[in-house]
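Just so it is clear, none of the values below were taken in a lab; they were calculated from the coordinates. Since the model is a prediction, treat every value here as computed from it, not as a measurement. All Cβ positions, even for glycine, are placed from backbone atoms using ideal geometry, and neighbour counts span all protein chains on display.
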Amino acid sequence: MNIVTRNPLPNDAHALIELKKALFSETQFMLFEPNEYPANVEQETCFINHFNESANSSVLVSELDGELIGFLGAAGGDSKKIKHCAQIFLGVKKKYWGQGVASKLLTETISWARCIQLKRLELTVSSNNHRAIKLYHSQGFELEGIKKCAVSTNGNFEDECIMGYLLK
Ligand SMILES: CC(C)(COP(=O)(O)OP(=O)(O)OC[C@H]1O[C@@H](n2cnc3c(N)ncnc32)[C@H](O)[C@@H]1OP(=O)(O)O)[C@@H](O)C(=O)NCCC(=O)NCCS
């Protein structure tokens, strides 16, 4: 399979919304529930432009035969005191799990972060999301703490793991 990892262009906005909506339906481990994602094409275009143009943010998509199958956002801190940090969020379409798509997205993001001299990547992940936690550990992220009852999924409270990666 020839999966391309690249920065999205403004005209990927519609496809990126469709990808995110598919992910929110397929898994409970993302922030939004199905049909809750608020963005329209104009807003998604702004998101893409902002992340592409920002000095300390980045967005990548994985594309297979013209279809977007995964994405990773790294949102850099806004103020001086946290601009050396970026918050990571990602998802891959279920059909393509276990084929290294997320690993590639993370590896490229870590290289980018090193290149622009960020000091820290961070994320939160449900303590029930064993697949993602294993992925983050294998990429060098470390568990830093637990946010108790941080997420409510279908009325059930879940803890979240805080994970971080310090760039040397
Ligand atoms: C978590 C997620 C991003 C992983 O994407 P992916 O493309 O399948 O990941 P990869 O193929 O690169 O595999 C990553 C690692 O997952 C782990 N993994 C694979 N299968 C697994 C399984 N059945 N159980 C637990 N861990 C597993 C392995 O560590 C694997 O690395 P390895 O193949 O070197 O052993 C994807 O499952 C997903 O989008 N999940 C729903 C959304 C989500 O959870 N996002 C993260 C929120 S914080």
Requested in this report: Report, by residue number, each residue of segment 75-98 that is buried (at least 16 other Cβ atoms within 10 Å of the Cβ), within 13 Å of the ligand (Cβ to nearest atom) and in contact (Cβ under 8 Å) with a residue 24 or more places away in the chain.
Outcome: 87, 88, 91, 92, 93, 96
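Looking at residue 54, is it closer than 28 Å to residue 118 by Cα, within 13 Å of the ligand (Cβ to nearest atom), in contact (Cβ under 8 Å) with a residue 12 or more places away in the chain and out of contact with any Phe, Trp or Tyr (no Cβ under 6 Å at 6 or more places or on another chain)? Talk me through it step by step, then tell me what you get.
Working: closer than 28 Å to residue 118 by Cα: yes; within 13 Å of the ligand (Cβ to nearest atom): no; in contact (Cβ under 8 Å) with a residue 12 or more places away in the chain: yes; out of contact with any Phe, Trp or Tyr (no Cβ under 6 Å at 6 or more places or on another chain): yes.
When the stated conditions are applied, residue 54 does not pass them.
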Query - Residue in segment 16-46 that is farthest from the ligand (Cβ to nearest atom), counting only those that are surrounded by fewer than 17 Cβ atoms within 10 Å (Cβ to Cβ) and assigned to a helix (DSSP H, G or I) - result: 42
Query raised in the report: So which residues in segment 129-140 are within 11 Å of the ligand (Cβ to nearest atom) and either of a type in the set (A, V, I, L, M) or free of Cβ contacts under 8 Å to residues at least 60 places away in the same chain (or both), if there are any at all?
Result: 130, 131, 132, 133, 134, 135, 136, 137, 138, 139
Query raised in the report: Could you give every pair whose Cβ atoms fall below 7 Å, whose first residue belongs to segment 29-47 and is under 26 Å from residue 127 (Cβ atoms), and whose second residue is among the aliphatic types (A, V, I, L, M), counting only separations of at least 6 or pairs across chains?
Result: 29/132; 30/23
Query - Conditions (1) in contact (Cβ under 8 Å) with a residue 24 or more places away in the chain; (2) assigned to a loop (DSSP other than H, G, I, E, B): number failed by residue 103 - result: (2)
Query raised in the report: Pairs, please: C-beta under 6 Å, at least 6 apart or cross-chain, first residue more than 21 Å from residue 85 (Cα to Cα) and in segment 141-155, second exposed (fewer than 11 other Cβ atoms within 10 Å of the Cβ)?
Result: 149/157
